[in-house]
1. Among the residues of segment 67-104, what is the count of those that are closer than 25 Å to residue 51 by Cβ, over 16 Å from the mean Cα position of the chain (by Cα), polar (S, T, N, Q) and surrounded by 10 or more Cβ atoms within 10 Å (Cβ to Cβ)?
2. Would you call residue 30 part of a loop (DSSP other than H, G, I, E, B) and modelled with pLDDT under 80?
3. From 49, 44, grab the single residue that is of a type outside the set (Val, Ile, Thr) and in contact with a Leu (Cβ under 9 Å, 6 or more places away or on another chain).
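The values are calculated or read from the model by the stated rules, or taken from the named source; none is laboratory data. Note that the structure is predicted; figures quoted are calculated from it, not measured. Here Cβ is always computed from backbone atoms with ideal geometry, including for glycine, and neighbour counts include all displayed protein chains.
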Amino acid sequence: MRTFKRQVFSLSIMLLIGLFIAPWVLAAEQPRYGETRRIALAADPPILDMHQETTFAVAQPLGPVYNNLIVFDPHNYPEIIGDLAKSWTISDDYLTYTFRCTRA
């Protein structure tokens, strides 16, 4: 019985240390460029042009490939942040939006 308690205690300590160190290890990970993106699709996309086809089979795999002017802030939804747009202004009648974009 004592051996079991020691093993559980040791495992708990190792788990706590791992949870304490994990944020630093994950923060140090750098993006890897040039890799292949693999996803599972529910259907075969008829074409790979999001401008001509609006089905989910096309939007799911190709959505991350395209940039948008603005996007929802993933950490502060429903706030809007710029993706390509550096800044934007809205007219007084809310009918005209003027975007200032960054250059690629």
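1. Qualifying residue count for the region: 2.
2. It is true that residue 30 is part of a loop (DSSP other than H, G, I, E, B) and modelled with pLDDT under 80.
3. One residue alone meets the criteria, 49.
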